[in-house]
Every structure is written in C-alpha cells, then in structure tokens.
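Peer 1: Dropping a structure here in structure tokens format, bear with me for questions.
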Amino acid sequence: MKLKYRTAVAVLLGLTLFMYQETYPQKKRNKAVKANLESTRPTAPEISYTISMSKPWTHLLEVEMRVKSSALPEKSEIIMPVWTPGSYLIREFARHVQDFSAFDSNGNSLIWSKANKNTWQISTKGIGEFIARYNVYANELTVRTNELNDQHAFWNNTALLMFPKDQLNAPSILKVVPFGNWKIATGLPRVANQPDTFQAPNFDVLYDSPFEVGNFKEITFEVQGKPHRFVVNGEGNYDLEKIAKETAKIIEQSFKIFGELPYDDYTFILNLRGGGGLEHSNSTALQWNRFGFKPENRFVDFMTLVAHEFFHLFNVKRIRPDSLGPFNYQNENYTKLLWVAEGATAYYENVLAQRAGLMSDKDFLSARAAAIQALQSRPGRLQTSLEEASFDAWVKYYRQDENAVNNQISYYDKGEIVVFLLDLEIRAATNGAKSLDDVFRLLYRDFFKQNKNYTSEDFQRIAETVATKSLNEFFSKYVRGREELNYNSAFDAFGLKLFTGEGAEAAYFGADLNQDGDRLLIKTIPAGSPAYNQGLNTGDQIIAVDSFRANQTFLQSYIGEKKPGEKIKLTIFRFDQIREIEIALGGLPPRNFAIRVVEKPSDEQKRLYAGFFGTELK
Ligand SMILES: [Zn+2]
C-alpha cells in the first residue's frame, strides 16, 4: 500500500476542524504526533492502547483501549476493521474478538452492546473516559493476520485494534508488554522516555505498522544514510549478512529511480514459515520457507519478494491509486488500478533484481516468457480486462474457484506483462531516452509530493507525456479491453522475438489433475480443452483409462504415447456414481515459450537492448 500520514487541521472561527487530508513526509511524523497530542482541540480524544501477551500458549493477545475526551457522546462506538490494506478481501477480524468488557476511569463497569458485526457501543453518558478490554484470538500466521504462541507474537493492528468512530485522524499511543524478555520490532516511532511505547499520528499510520515481538535475530545496515533493520523469526538456511548485503543493493536501485528514500528508518520483518509479503510505508512483513534460501535460484526468488515489498513503499504506499488511502476500514475500497499497484510492482521486483545483479538479462527474459505462456494458456484472459480484474479483486482474485482459470486473469500476472510492454513502448517511442522509471518519477512528483492520489486517466496521461505520443490504443486494448497482447510488435525494437513453440505433435487431454491419496481428481478444466468440450467436470474422480487403473503418473504417460485425434475411455465416479466417458484427444498447445534474439539485430536494436539491460545483446 503506501505511506499516508494525514492530519491537517485548520482553525476557523475559533473552532478546530478537520479540513482535509494531507500526506506528511515521514520526517515530520514525530513532530506531527507531538503537535496533535499537544493541541487543545476540544474534539480530539486521547487514545491509547496496551497490548499484553501474558499467556502466549493460549494465542490470546490482550488489548486495553483507553479513550479520553471532553466530548464523549452518550454512546461511544468502537469499531474493528474488516480488512487490512494491501490485501483486498473482507476478513472480518471482529470474529476473533472475545472477553469484551468496558469500564469508566474508576473501574466501574459500563453497559455495552454490539451495534453490528464489528461495532461495540458503550454507554458513556456524563463521563470523560472509557476503557475497553478484550482479547483477540491470534493463531493464524499470514502477513495480514495475527499469531501468538510460545515462539513469538506477530500482529497487524487492523486485525487487533478497534478505532473510535469518526476518529481515524486522531493520534494514538501504543504500549506493548512483551512476554518474558522478548524484543519488539515495528516501523512505528517510539515515544521518548517511555519504554516499549510507540506513537502514530493517525489510524492510517497505526494500521500500517505490523509488530513482531520475540527473540528474533536481527541485522542493521545503512543505505544512503538511512538505518534499515532486518528481523528474522525462526531457524533456517539463511545467511542474514548476505540478505542484508543484497537488500542494500535493491534499496540502492530504488533510490536511483526516485532520488530519495522517503522514510526515517525501515524495518523488514521476516517469519520463516509459508511465503508472501505485505507492504507498509516504512516496514514490510515477509514470510518465507525456512529452508528456502538455497540453492541460489531460491535465494533470488526470496530477494524478488524483498524487492517487491520494498518497491511498494513508493508504488501504492506513496504513489496512491484513487481510493487507496485514506482508507475506509469498514468496507471494500474499490480501484481499477491494482494492475499498476501490483502489476508494476511485480514487474519492478524483477527489474530491480536484474539491475542489482541478482539475475541476468537472459534470466529476466526467460521469466517474462514463462509469464506470457501462463497468460496465453488461460482462457480467462479473453473474459476479464485488467481494470475489471482490479475492481473485482474483492470478490474474485482473493476468492478463486475452479472456474477462475476460465473467467479471470490476475492483475499481478497480466499487469506485470502489460507494464513490461508499456516500458518497451515508451523506450522505443523516445529512442531510449525515457522509460517507465520516468512515469513513476512523475507520479511520485506530481501526486505523492502534491498529496494527491492518481486516477486511471492520470496514469495514462503521465505515460503519454513520457512517451510523447498517444497510448490510447494500448490502454483501450490491453488495460480497459480484453484483446490479445501483441508481444512481437513491442519486442522487435529491442532485437527480440517471442517464440511460442513448435507445432503440437503430442496428444492433449486438458484437465488439471490432483492425486489425493488413492483418488485421482479433476481440479480445473480450461475452457476449450478436449476434457472441457467432451463433458468432464471438476471434481470427477478418474478410476481407469481404457479399463486400466489410473493414477496421475500413469494417465499422463498413457496419454503421452497417444497421438492427437486418438480416443481414450475414462471410467469415472461423479457424485458416487460410476460412468464411462470417451474423450477424443486434442493436440498439445504450444509450450516452452522463449524470448529470443532476432537474426542479425541492427545497431539500433542493440542500442535499445543495451539501454534496457545495461548489457550487450547477444
Ligand atoms: Zn504487492
């Protein structure tokens, strides 16, 4: 997501009013917090939280929330977010709340009730402070949820802390009471002279700052004079010094694009289980397999995750699409621009890795070819545009079913490819003088620095400004539309050509299978494949092929010996009833896509290629 530090106040007619949202550079954060805390606004409540973990084995994080105000309403409402920015799904964090109680400052119980699924309403008539206490069950380690156990605590404040209704602009203080001698890592700044106490100028910053508390290993390093901290929880085959060294290169390459590192400090939190990451303004939460740092290609995969989340601090946390910040934490936040927010970030994770020397130009191109092959084998590419896929993320991308391959595309995967083509288009149009870097530099200058979010129209206009030509056809076909991408028209200027494999001699069945113990099940069926056209269904259990017992290995090798047009007879269970279905096999679609060098590239092609990769076309 991105970095939004808003809270600008204007004094008007003797009243202090929230006039508009303003983005604060990170440097001003502490000052802003202080200013807000010290302000005498009558409506600004004092909000503080204490988070304890006295019995980690119960997985219960203990929250005490205090709200003090000279103007508490008769009924105060506190609200649990339903989602966490960066992960576009309603997750209903309120479902993990238990043991709720409310008190006044003298410890007298207050009457409370639920107003809806995630709002707690407390009777606060005639009092100036209330205290809410609740526990949150934390036993799900993902980058957007919470985990507490005897090893550590990791949490996202969106999944833990309620906010007072209509007070998202208010500052708050957060105190952590660690278990035993556990250490704390977070991107939030500390409050001076108060141990384990942190501050946030508003809820977008508070909710943007995950915590890791435990006996983690850590390394600190400087890049461009800014401190960086890499914190790792768990044992594994990683080399923390190597990670820090390569991460510093990724940061240097990002600095080269934007000319600054817009934070005071940056924290990488890595948990060695699962995989994935979530971006924040001056931190990121990462997960990776504990033994996934060797061999070298897996290490490079890990570093592209680091690069992805780091690049997000620019693209999405600061260069913000229309509706992505300030956030509405109670509903979906719709945007057509996730293909830029995620697709361009997925593209730059590879660009940064290539520029940092972690992958060669050939590695870069073969990964792009594999991505193109995956997109071209997905019937959903003709059903959903990039803008549609972005907008519907809430009900589609995060809720994929067996039909997703046929009616959806990923705004990450297709976004990354379209952004690659756009970069090539701009470089070719400007004879190598400009690139996608210039587009992001302009977005950073004209939107982030101006405290504005950008729209779809803004993005196209900025790209056209950099390309010095209309890109309307490109955007209407590839971004708003669902047309096939023309790869070679983009590759040619760089002396490259997409190779889509030889003719299909091998037989093709067309269902993706899943061997579940003894059961061979059909997982998905791409539209248009022989399996799809001849009546097989997702969930069918294949028992035999031509009356021989089938398992996945046997079926694949059996079909491998057939020719296109030959028939096989499948015996299946469908809903516990046995059936036989005859399938005429088709021809295997093209595989082994590659991006190759054209014969006898011209000097012009060589020059553009070298401009892209910093290395010679060979
Ligand atoms: Zn991302």
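Peer 1: Do you know which residues across the stretch 121-156 are within 21 Å of Ala44 (Cα to Cα) and buried (at least 22 other Cβ atoms within 10 Å of the Cβ)?
Peer 2: So the first thing to find is which residues in the stretch 121-156 are within 21 Å of Ala44 (Cα to Cα), and the list is 121-132.
Ile122, Thr124, Phe130, Ala132 - these are the residues of the stretch 121-156 that are within 21 Å of Ala44 (Cα to Cα) and buried (at least 22 other Cβ atoms within 10 Å of the Cβ).
Peer 1: Find the residue count for the stretch 430-479, including only residues that are among the basic types (Lys, Arg), surrounded by fewer than 16 Cβ atoms within 10 Å (Cβ to Cβ) and closer than 23 Å to Leu324 by Cα.
Peer 2: Total satisfying the criteria: 4.
Peer 1: Failed condition for Leu313, given (1) within 15 Å of the ligand (Cβ to nearest atom); (2) more than 24 Å from Pro210 (Cα to Cα); (3) part of a loop (DSSP other than H, G, I, E, B), with all others met?
Peer 2: Exception for Leu313: condition (2).
Peer 1: Residue under question is Glu296, and the condition is that it be open to solvent by 10 Å² or more (accessible area, probe 1.4 Å) and either within 14 Å of the ligand (Cβ to nearest atom) or not hydrophobic (A, V, I, L, M, F, W, C) (or both); does it hold?
Peer 2: The answer is yes for Glu296.
Peer 1: Then there's this: I'd like to check something: does the stretch 587-608 contain any residue that is farther than 30 Å from Gly495 by Cα and either without any contact (Cβ under 8 Å) to a residue 24 or more places away in the chain or surrounded by 12 or more Cβ atoms within 10 Å (Cβ to Cβ) (or both)?
Peer 2: Taking every residue of the stretch 587-608 in turn, at least one turns out to be farther than 30 Å from Gly495 by Cα and either without any contact (Cβ under 8 Å) to a residue 24 or more places away in the chain or surrounded by 12 or more Cβ atoms within 10 Å (Cβ to Cβ) (or both).
Peer 1: Are any of the residues in the stretch 257-265 within 14 Å of the ligand (Cβ to nearest atom) and farther than 21 Å from Ala185 by Cα? Walk me through it before giving the result.
Peer 2: Taking the stretch 257-265 first, the residues within 14 Å of the ligand (Cβ to nearest atom) are none.
No, because not a single residue in the stretch 257-265 is within 14 Å of the ligand (Cβ to nearest atom) and farther than 21 Å from Ala185 by Cα.
Peer 1: Could you say which residue among Lys226, Lys217 is open to solvent by 20 Å² or more (accessible area, probe 1.4 Å), touching a residue at least 12 places away in the same chain (Cβ under 8 Å) and farther than 30 Å from Glu62 by Cβ?
Peer 2: Values: Lys217 fails: farther than 30 Å from Glu62 by Cβ.
Exactly one residue qualifies, and that residue is Lys226.
Peer 1: For residues in the stretch 565-585 being basic (Lys, Arg) and more than 16 Å from Phe548 (Cβ to Cβ), which is most open to solvent (accessible area, probe 1.4 Å)?
Peer 2: So, considering only residues that are basic (Lys, Arg) and more than 16 Å from Phe548 (Cβ to Cβ), the one most open to solvent (accessible area, probe 1.4 Å) is Arg579.
Peer 1: I've got another one for you. What number of residues within the stretch 249-274 satisfy the criterion of being surrounded by fewer than 16 Cβ atoms within 10 Å (Cβ to Cβ) and over 24 Å from Phe154 (Cβ atoms)?
Peer 2: Here the count works out to 5.
Peer 1: With respect to Ser385, determine if the residue is closer than 18 Å to Pro85 by Cα, of a type in the set (S, T, N, Q) and either open to solvent by less than 10 Å² (accessible area, probe 1.4 Å) or within 16 Å of the ligand (Cβ to nearest atom) (or both). Explain how you work it out, then say what you get.
Peer 2: Values: closer than 18 Å to Pro85 by Cα: no; of a type in the set (S, T, N, Q): yes; either open to solvent by less than 10 Å² (accessible area, probe 1.4 Å) or within 16 Å of the ligand (Cβ to nearest atom) (or both): yes.
Against the criterion (closer than 18 Å to Pro85 by Cα, of a type in the set (S, T, N, Q) and either open to solvent by less than 10 Å² (accessible area, probe 1.4 Å) or within 16 Å of the ligand (Cβ to nearest atom) (or both)), Ser385 does not qualify.
Quick grid of which residues meet (1) assigned to a loop (DSSP other than H, G, I, E, B); (2) closer than 30 Å to Ile90 by Cβ:
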position	(1), (2)
Arg368	no, no
Ile372	no, no
Thr384	yes, yes
Val419	no, yes
Asn431	yes, no
Glu457	no, yes
Ala463	no, no
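The values are calculated or read from the model by the stated rules, or taken from the named source; none is laboratory data. Small disclaimer: the values here were computed from a predicted structure and weren't measured. Ideal geometry is used to build each Cβ from the backbone, glycine not excepted, and the neighbour counts take in all protein chains shown. Side chains are part of the model used for accessible areas, which takes the heavy atoms of the whole protein and leaves out ligands, DNA and RNA. Shrake-Rupley method; radii C 1.70, N 1.55, O 1.52, S 1.80 Å.
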